[in-house]
Every structure is written in C-alpha cells, then in structure tokens.
1. Of all the accessible heavy-atom surface of the chain, with the other protein chains kept in place and a 1.4 Å probe, what percent is carbon and sulfur?
2. Scaled to the compact-protein estimate 2.2 N^0.38 Å, what is the alpha-carbon radius of gyration of region 7-165, rounded to two decimal places?
3. Any idea which of ASN214, GLN91, HIS79 is furthest toward the positive side of the dipole for the chain, if Lys and Arg beta-carbons carry +1 and Asp and Glu beta-carbons -1?
4. On the principal axes of its Cα set, how long, how wide and how thick is region 1-95? Give whole Å, largest value first.
5. So which GluC sites (Glu not before Pro) in region 301-380 are both in a DSSP loop and have at most 10 other Cβ atoms within 10 Å of their Cβ?
6. For LEU373, what residues show an amide H to amide H distance below 5 Å, using hydrogens built from the backbone and excluding near sequence neighbours?
7. At 0.890 mPa s and 25 °C, plugging the Kirkwood radius over alpha-carbon pairs of region 258-311 into Stokes-Einstein gives what diffusion coefficient in µm²/s?
8. Which whole-angstrom value gives the distance between the alpha carbon centres of region 41-92 and region 312-332?
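The values are calculated or read from the model by the stated rules, or taken from the named source; none is laboratory data. The structure displayed is predicted, hence computed values, not measured ones. Neighbour counts run over all protein chains shown; Cβ positions are idealised from the backbone, glycine included. Side chains are part of the model used for accessible areas, which takes the heavy atoms of the whole protein and leaves out ligands, DNA and RNA. Shrake-Rupley method; radii C 1.70, N 1.55, O 1.52, S 1.80 Å.
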Amino acid sequence: MDIKREIVPFVQEIFHTSEFIPLHEPKFIGNEKHYVLDAIESTFVSSVGQYVNDFEEKIKTYTKSSSVVVTSSGSNALHAALYLAGVGKDQFVITPSLTFVSACNCIKQLGAEPIFADINYETLGLCPKSVESFLTEHASINKSGKCIHKNSGRVISAILPMHTFGHPVDLSGLVALANKWNLTLVEDAAESLGSLYKGNHTGTYGRFGIISFNGNKIMTTGGGGAILSKVTDDGNRVRHITSTARVNHAYEVAHDEYGFNYRMPNINAALGCAQIEKIDQFVQLKRALALQYERFFDGSECQFFKEPKECRSNYWLNAILCHDRDHQQSLLNITNDLGVMTRPPWNPMHTLPMYNECMRTDLSITQDVYHRLVNLPSSVTLAA
Ligand SMILES: *Cc1c(COP(=O)(O)O)cnc(C)c1O
C-alpha cells in the first residue's frame, strides 16, 4: 500500500471529519467557562487571585513536586529557572539542537551560550553518551569544583535536556552526568506534562523543571507556564523573583533585588484549573490515539515512534520516521495538500543564523531525525 495516501483517510476517520485537521487543538469539555466567568465576576483577573493558588496546588499534587509557581509562559519559566540555576554571562549550557528555539533564546538572554549535543533514537532527546564524550574531551573540573571548558576557560554551568514530543529523555544517564560534572540540571518539560520516567513525573528530576500551557500543549491556559522546584527554598526564590522581587508590605511598593514580572494572571489560572481536572482523561485518550497510529503503521515503511523503556509518555505529538528525506517531503506535501496537517521537527538550532556558530558535538542523529521525522495530528479525540 502507499502509506502516504492511506494516512489521509485514516486520520479523517479517527477525527471524524473530512475538513482541515490541525496538528493539535485544545479541548474545553469541563468547567472552563464557569471558572473563567467566575474570575471575571470576582474582578481578580490579573496577577493575584485564588485560581492562581489553586492551580499551583493542583499541579503540585499531580506532579508530586515540592514547589510549583505558575508563570505567563513556558519561555518565561525557562528564563527564570535558568537565571536561578546560576546561568550567567560567558557561561555555557549543554542542550540539544533538536529543540524549540526558546531554550537557546533564554540561554542567550542570560549572556551565556548553548553547546549542542546529539540526541539518541531511543528518546529523541539529549544523548548522555554524546554529552559525556564532549565533556571528557573538552572539559575539566577546577579547584572550586566548577566544570570548565578547557579551550576558553569558561564555565559550563548547566545542562538543559528536553522531553521531545512528550517522550521522557534518559534522565538516569543525565542526572549521573550532572552530578559527575557539577552541572545544574534544568528540565525543559514544556511538552511532557503527564509523562513519567521510572514512575515519577518529568520535570521533577532536575533542580528546576518547566512546563508550558501554550495553546498547542496537552492542556492550556491560553498562554502560561510553570516552574517546578526540587527544593522548597528554590521554590520560594522562584516565587519572589517572578513577582518583580516585590517586598511584602501593606502599601509600600519596594523591591529588594533584580526580578521579572512573570506571574500567571488569575484569568489564565482559572482556565488552567478547569483543564487540569481533565489531565488524566487527556493522557489516557492521547495514549489510545497513539496506539491506533502504532497499529496503523505496523509493518509499513514508516516507523511509529514509541515511548522509551521504563517510561509512560503523554504522546503529546505523535511521530513517525520515514525512510529518507524524499519520502518525508512527499508525505508532508500530500497530507498538507489534502487538509491533514503534518509537520517536520523544528529546524535544528545549529542551522539557525543566530546559533550556527555555537559549539557542538557530532549531530548526525539530530540531522537524520530532522530529515526523516513527521509529526501527525495529535489532538485529544472524543468518542464519536
Ligand atoms: C512550547 C515549548 C516551549 C515554550 O513554551 P511557551 O509557553 O510557548 O513559551 C519551550 N520549550 C519547548 C520544548 C516547547 O515545546
């Protein structure tokens, strides 16, 4: 069979429509209108309010995290987390090249630079072996315990893996590396709310983990994000720094350090409170959709990407690997022409003009995946 053409009717049947099918759209099937209206009627639509507190509490319970602070976007969450992880001027942060551009932009905003390491085929995320071989060749630990890039003498301060399309990265391997090389681990879990690595939520292994609630993620607050902290003291610092470091006082407006205005507005948190009530159902339905895709592609010339071992993935975006770039391109053209939206991964960061001079390891797997991977429509589907 010609899988490129078969995909279209298959996807149309799953989503019960012959109209345009987007890659991912939000589902509002619970208390969204009720809570948002309530926030409006309370007049607390902005940076403080009960929904903000409730939403943080709900994410904390769901992820079993020590501390959760919600923010105005996932990108802002990432910026604040890297700032509190101590990333600063002239330092380096190790990150994959196959990621969303926000990661690199946040590193740059802090005056630091990314170093790109390769991914692996098991997770589509940062490969501990690739990172380790870079460090062994180019880095050493100085007297005060810092990881130093030998040629430049600059500090490598953090490692920022990402859970690609919701699939957990090899956290055991990366935690061991972070410990050995004294790097702060920050997890970009923007896409992976609901995904488990060895039974624990992604975003809870690093000193900080960030989540995004942008409109295309598994659940949304319109725009928004969250910072999970492993240690409660860090969580308090996150809360302070993302609230412009404002000093608590009945009427005085004072700030005791440099900070950011990054808190999530109450009206967005109202939407979040309704959405997170459905997270178990969303994860379950997305996993059921993934299983349908897996069966469909079984035995075809496309390889469906399955969750890594010892993981439960939220299957945020389903993905297949075509056998070569031509196959990928013709599949993308045919499906998009016929109203079924599909997409290749992000252009790798090392190919973008503002990051193409950054240091990197061999990136053959990144390049190969970029040339073969296609994401498929992955919205939560409700029973017809
Ligand atoms: C969505 C996303 C972000 C950014 O989140 P926003 O809320 O859109 O700012 C960061 N990293 C990854 C991997 C993402 O997918």
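1. The computed percentage sits at 50.
2. Taking N as the residue count of region 7-165, the ratio is 1.41.
3. The listed residue farthest towards the positive side: GLN91.
4. Projected onto the principal axes, the Cα atoms of region 1-95 cover 54, 47, 24 Å.
5. Of the GluC sites (Glu not before Pro), the ones in loops of region 301-380 whose Cβ has at most 10 other Cβ atoms within 10 Å are GLU357.
6. It is CYS322, by chain and number.
7. Rounded to a whole number, D works out at 167 µm²/s.
8. Rounded to whole Å, the Cα centres lie 32 Å apart.
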